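Here the structure is laid out as structure tokens; the discussion comes afterwards.
The values are calculated or read from the model by the stated rules, or taken from the named source; none is laboratory data. Treat the numbers as computed from the prediction; the structure is a model and nothing was measured. Here the Cβ is made from the backbone with ideal geometry for all residues, glycine too, and neighbour counts use every protein chain on show.
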Amino acid sequence: MESTITKELNSNDEPTIVKIQSLCRGWIVRRKNIYGIIKKFKRLQPKFSSTVRGYHIINNVPIKESVWEGINCDIVKSLFSISDEAKGNHASGKDNRFDNINISNKTAKIERTNISISSYRLSSVCNDKDIGISENIIEEIRTRDSSFDYYSLLVRKEKEKSHIEYMWYIIPKDCYLFRIDNINHKIGKKGKKQGEIVGWKSKYSSITFSMSSQLWYNFDIYELKKYMVCSTEVDNSKPKINYSQIYNSFCNTI
């Protein structure tokens with residue numbers, strides 16, 4: 001049975017329909033255009049630098065996961081509309097939405113040139129009592145990944161004399177570094193678990209049962225070079241302002 005809308009359509013509606021289809025296709029292309037997205041994010045370099053340095057006027061602790069979610073929103077709000085803020089909620093997948101881009105916020109520390117990025121806990125589909133099936137594990141990862149489009153990754157390099165270099169990357173979730181098409185058994189090499197299956201692994205990822213079956217991505221930072229949007233360096237040795245000083249300077253009207 002034709003719907004009321006279908007019955008009402010006639011030849012005069014064709015230009016409108018074509019226009020709507022064109023707009024939809026354009027929206028999809030723009031949403032997936034990583035080069036256009038990166039170009040837009042690069043315009044935030046001054047805001048990125050001042051926000052990160054401002055954070056360290058108060059804090060000694062480096063910027064990590066839940067803190068990065070809030071700081072990232074503060075940086076982009078001049079160019080993007082923000083919705084679906086996670087506000088520290090550690091549910092799997094999307095953390096923020098910038099315009100029509102669903103974002104998963106991640107942080108990592110460079111060790112030499114290597115970085116490790118934590119992802120989902122997968123104990124529901126694989127653990128030391130039930131190692132699971134590769135197809136089911138991959139499907140679970142893909143299901144959780146479906147809630148976002150890009151990683152907003154903040155990488156830090158801790159240098160001498162308390163200097164920290166921060167680098168910000170916008171990376172498509174289907175980048176080969178995060179795409180898992182097959183995984184193999186991870187075999188214990190020493191101790192009581194020698195020769196036993198202790199997890200799963202692929203070229204750029206691993207799952208270890210003893211670590212709550214958490215998925216980790218591991219690769220060289222240079223693999224991300226083309227996705228970097230902003231960077232800055234902070235001298236973290238400088239004296240900090242405390243919350244009381246901030247209050248007395250800006251809010252104390254008594």
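Numbers for the structure displayed
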read-out	value
Pairs, first within 25 Å of Y169 (Cβ to Cβ) in region 200-223, second in a loop (DSSP other than H, G, I, E, B) and of a type in the set (S, T, Y), C-beta under 7 Å, six or more apart	I207/S213; Y217/Y204; N218/Y204; F219/Y204; D220/T113; I221/T113; Y222/T113
Some residue of region 216-231 being at pLDDT below 95, polar (S, T, N, Q), part of a strand (DSSP E or B) and touching a strand residue (DSSP E or B) at 6+ places or on another chain (Cβ under 9 Å)	no
Filtered residues of region 204-229 (kept if under 22 Å from E158 (Cβ atoms) and either out of contact with any Leu (no Cβ under 6 Å at 6 or more places or on another chain) or acidic (D, E) (or both))	W216, Y217, N218, D220, I221, Y222, E223, L224, K225, Y227, M228, V229
Selected residue [surrounded by 14 or more Cβ atoms within 10 Å (Cβ to Cβ), of a type outside the set (S, T, Y) and over 24 Å from T51 (Cβ atoms)] from F148, F219	F219
Condition met for S66 (modelled with pLDDT of 90 or more, surrounded by 13 or more Cβ atoms within 10 Å (Cβ to Cβ) and within 22 Å of K240 (Cβ to Cβ))	no
Complete set of residues in region 178-214 that are outside any loop (DSSP other than H, G, I, E, B), closer than 19 Å to I133 by Cβ and among the hydroxyl-bearing types (S, T, Y)	S205, S206, T208
